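Please read the structure below before turning to the comments.
The values are calculated or read from the model by the stated rules, or taken from the named source; none is laboratory data. Just so it is clear, the structure is predicted and the values come from calculations on it, not from any experiment. Cβ placement follows ideal geometry from the backbone for every residue including glycine, while neighbour counts extend to all protein chains displayed.
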Amino acid sequence: MFDRDQDRPHFETLCAHFAEDPSKFHGAVIPPIFQNSLFTFPTYEERATNYQLDPTEVEEAAGGISRFYDYTRVTNPTTDIVERKIAALEGAEMARCFASGMGAISAAIFSCVRAGAHVIAPQTVYGPTRQLLQDYLKRFQVSVTFVDGADSADYESALRPETTLLYLESPSTVVMRQQDLEAVAQIAKRQGAATICDNSWASPYFQNPIHFGVDLVVHSATKYLGGHSDIVAGVVVGSRERMQRLAMEECCLLGATLDPFAAWLLLRGIRTLPVRMERHQQNAKAIALWLREHPAIAEVYYPGLPDDPQASLTAKQLRGTSGLLSVRLKRPTREAAARFVNRLRYFQIGCSWGGFESLALPMALPAERLGGTPGETLWFVRLHIGQEHLEDLQKDLDQALRED
Ligand SMILES: *Cc1c(COP(=O)(O)O)cnc(C)c1O
């Protein structure tokens with residue numbers, strides 16, 4: 001259904017119908033969970049013949065939906081539907097799902113480095129991604145330079161002859177700093193290096209890095225794509241050329257494949273992605289504007305604020321802003337942050353985000369990563385604004401911030 005570019009409908013319609021064919025499943029409006037590890041064949045010859053076919057040709061011949069299924073680590077019909085849908089939502093040719101966001105991120109990074117390679121990444125990249133680049137990949141002689149990244153010239157001046165990957169996470173973790181996707185993609189292309197962008201914060205509803213020339217887009221689908229705090233999942237999207245190699249190598253060989261049941265829940269989450277994102281945006285914008293005027297708050301980090309220092313980048317690359325923001329308290333200590341979150345009633349204390357529920361978490365960053373004094377620690381409170389009623393959330397924040 002709608003598998004040709006010329007009759008591609010809007011985002012909401014893609015969420016509802018793209019890559020689905022109820023007629024294949026007795027008219028079932030929801031596709032079944034293919035909870036099987038393997039697919040069998042009537043004859044050995046049939047299986048052997050299938051292996052000799054170009055997978056793209058098999059897809060084309062079958063109207064773009066069914067293809068050759070053999071083993072669920074490689075492909076599965078339920079997962080296939082989600083992968084096609086997410087690829088369409090990102091404006092990419094192909095997607096592969098993974099068992100977690102980190103499964104997707106490590107596969108994408110491994111596909112762009114080799115021994116001796118150099119990577120450039122933003123200082124405020126997601127913690128485990130930082131550890132992977134800085135500590136784990138060191139044993140394979142891969143080195144990394146962390147840059148502020150708000151100015152694309154930071155990437156340019158960190159380039160080395162052996163740089164093979166410019167990594168982006170826009171907006172980034174805790175302080176929601178953006179990088180200029182188009183400018184960094186151009187720098188990478190001149191160097192012959194690849195670009196990867198972690199697009200978890202915006203979701204494909206608000207940002208499509210592929211449109212700006214980024215090669216691979218990764219998501220923690222645990223967050224907005226799943227949207228219900230009931231799965232751990234990841235996805236990588238990109239061109240067919242890059243993705244076919246990644247599918248055969250990092251996906252099949254490292255094997256962090258998504259389970260079909262989780263794929264089915266991910267599909268269910270995606271059906272409501274547009275309405276959820278609108279509500280997250282509406283609530284978060286109102287709360288960010290209100291918190292900025294609050295006497296207990298020193299600073300609000302949210303790309304949706306009209307006077308955000310990166311407002312021009314927001315206008316260029318984001319169609320909207322999500323529900324994740326951070327604040328600095330006027331008393332910027334660990335104790336004050338803990339007191340604030342402990343007093344909240346509707347906001348639960350927890351580390352993830354992207355679900356229906358509001359969350360709060362004190363988070364520390366070395367000041368050095370934000371251009372501050374080495375050795376100093378900066379305390380933030382990260383807030384995920386959920387789907388609850390705005391007035392209830394505001395009241396809750398207000399009573400928790402009160403000095404009494
Ligand atoms: C949570 C998160 C990840 C990791 O995803 P998992 O599904 O937990 O493995 C990656 N990037 C960002 C920005 C995240 O917030």
Based on what the data block shows, is residue 119 among the aliphatic types (A, V, I, L, M), within 14 Å of the ligand (Cβ to nearest atom) and crowded, with 20+ Cβ neighbours inside 10 Å?
no
Residues of segment 276-285 satisfying the condition of being farther than 15 Å from residue 176 by Cβ and buried (at least 16 other Cβ atoms within 10 Å of the Cβ):
276, 277, 279, 283
Matching residues, segment 224-257, being within 16 Å of the ligand (Cβ to nearest atom) and part of a loop (DSSP other than H, G, I, E, B):
224, 225, 226, 227, 228, 229, 230, 231, 232, 233, 255, 256
Please determine whether any residue of segment 168-181 is touching a Leu at 6+ places or on another chain (Cβ under 9 Å) and under 10 Å from residue 119 (Cβ atoms).
no
Out of 318, 344, 305, 329, sole residue that is over 13 Å from residue 381 (Cβ atoms) and more than 16 Å from the ligand (Cβ to nearest atom):
305
Where a residue in segment 203-228 is over 19 Å from residue 278 (Cβ atoms) and of a type in the set (S, T, N, Q) and its partner, wherever it lies, is part of a helix (DSSP H, G or I) and away from the ligand (no atom under 13 Å from the Cβ), with Cβ under 6 Å and at least six apart
none
Residues 374, 362, 332, 366: which one is at pLDDT below 95 and of a type outside the set (Gly, Ala, Ser)?
332
Which of the residues that make up segment 168-221 are among the charged types (D, E, K, R), closer than 23 Å to residue 250 by Cβ and either in a strand (DSSP E or B) or touching a Phe, Trp or Tyr at 6+ places or on another chain (Cβ under 8 Å) (or both)?
169, 198
For segment 310-345 the number of residues that are assigned to a loop (DSSP other than H, G, I, E, B) and either among the charged types (D, E, K, R) or without any contact (Cβ under 8 Å) to a residue 60 or more places away in the chain (or both) is 7
If you check 98, 110, which single one turns out to be surrounded by fewer than 21 Cβ atoms within 10 Å (Cβ to Cβ), in contact (Cβ under 8 Å) with a residue 40 or more places away in the chain, farther than 18 Å from residue 351 by Cβ and within 16 Å of the ligand (Cβ to nearest atom)?
110
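Yes/no matrix, rows are residues, columns are (1) surrounded by 22 or more Cβ atoms within 10 Å (Cβ to Cβ); (2) more than 20 Å from residue 318 (Cα to Cα); (3) of a type in the set (A, V, I, L, M, F, W, C):
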{"position": "209", "(1), (2), (3)": "yes, no, no"}
{"position": "222", "(1), (2), (3)": "yes, yes, no"}
{"position": "236", "(1), (2), (3)": "yes, no, yes"}
{"position": "253", "(1), (2), (3)": "no, yes, yes"}
{"position": "256", "(1), (2), (3)": "no, yes, yes"}
{"position": "274", "(1), (2), (3)": "no, no, no"}
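Yes or no, residue by residue, for (1) part of a helix (DSSP H, G or I); (2) of a type in the set (Lys, Arg); (3) touching a helix residue (DSSP H, G or I) at 6+ places or on another chain (Cβ under 9 Å):
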site: 73; (1), (2), (3): no, yes, yes
site: 78; (1), (2), (3): yes, no, yes
site: 89; (1), (2), (3): yes, no, yes
site: 92; (1), (2), (3): no, no, yes
site: 103; (1), (2), (3): yes, no, yes
site: 108; (1), (2), (3): yes, no, yes
site: 113; (1), (2), (3): no, no, yes
site: 120; (1), (2), (3): no, no, yes
site: 124; (1), (2), (3): no, no, yes
Which one is surrounded by the fewest Cβ atoms within 10 Å (Cβ to Cβ), of the residues in segment 12-29 that are of a type in the set (A, V, I, L, M, F, W, C) and touching a residue at least 24 places away in the same chain (Cβ under 8 Å)?
16
Does residue 209 qualify as being closer than 30 Å to residue 32 by Cα, more than 11 Å from the ligand (Cβ to nearest atom) and not aromatic (Phe, Trp, Tyr)?
no
Provide a single number: the residues in segment 49-80 that are modelled with pLDDT under 80 and either of a type outside the set (Phe, Trp, Tyr) or surrounded by 13 or more Cβ atoms within 10 Å (Cβ to Cβ) (or both).
19
Report yes if residue 383 is touching a residue at least 60 places away in the same chain (Cβ under 8 Å) and closer than 22 Å to residue 277 by Cβ, otherwise no.
yes
Condition first: within 16 Å of the ligand (Cβ to nearest atom) and either under 22 Å from residue 243 (Cα atoms) or more than 17 Å from the chain's Cα centre (by Cα) (or both). Now tell me which residues in segment 122-142 satisfy that.
123, 129, 131, 132, 133, 134, 136
